[in-house]
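Trainee: Submitted below is the structure of interest, expressed as structure tokens.
The values are calculated or read from the model by the stated rules, or taken from the named source; none is laboratory data. No experiment lies behind these values; they were computed from the predicted model shown. Backbone-built Cβ (ideal geometry, glycine too); neighbour counts: all protein chains shown.
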Amino acid sequence: MNKLGSEAVAVCATIDPDVTVASTVTSDWVDMGDFETIMAIVMAGTLGASATLDAKLEQASDSSGTGAKDITGKAITQLTQAGTDSDKQAIINCRAEELDLANGFSHVRLSITVAVATSDVGGIILGLNRRSEPASDGDLASVDEIV
């Protein structure tokens, strides 16, 4: 195989790594009509004293988030500072057919909730098996360079 990773996987959405106060942060919406599967990677940096971190995938019927709701079974086990979960990652996989297609849901986003104390978090959604290649055509505009 001579295919490069960037031809097979797209950077579809991000939650830029940053210090996050106790709140919920979300990624851009990803059109699952473009991809067979996605992989969301949750990145916990240093969690504040007694902090908790929850992450899940949500679905909507369009890129503006119309009718947003959780995707069943697509949430991580809570990460905690008390559980020594600083500097760890979690992965959530999702196939396009796992969305509520019967009711017109077609878009997915990553939602990360930090509670109790300010913490370092970030996330990324990678699109896999793009319906047209190269996958890099589905990259966010913020992807500055592919080497």
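Trainee: Looking at 127, 123, can you tell me which residue is part of a strand (DSSP E or B), modelled with pLDDT of 95 or more and touching a Leu at 6+ places or on another chain (Cβ under 6 Å)?
Mentor: Going through 127, 123 in turn, just one is part of a strand (DSSP E or B), modelled with pLDDT of 95 or more and touching a Leu at 6+ places or on another chain (Cβ under 6 Å): 123.
Trainee: Let me ask something else. Could you look through the range 1-10, keep only residues that are among the aliphatic types (A, V, I, L, M) and surrounded by fewer than 16 Cβ atoms within 10 Å (Cβ to Cβ), and pick out the one that is farthest from residue 101 (Cα to Cα)?
Mentor: In the first step, residues of the range 1-10 are kept if they are among the aliphatic types (A, V, I, L, M); the result is 1, 4, 8-10.
Cutting the leftovers down to surrounded by fewer than 16 Cβ atoms within 10 Å (Cβ to Cβ) gives us 1, 4.
Details: 1: 34, 4: 32 Å.
Going through the qualifying residues, I end up with 1.
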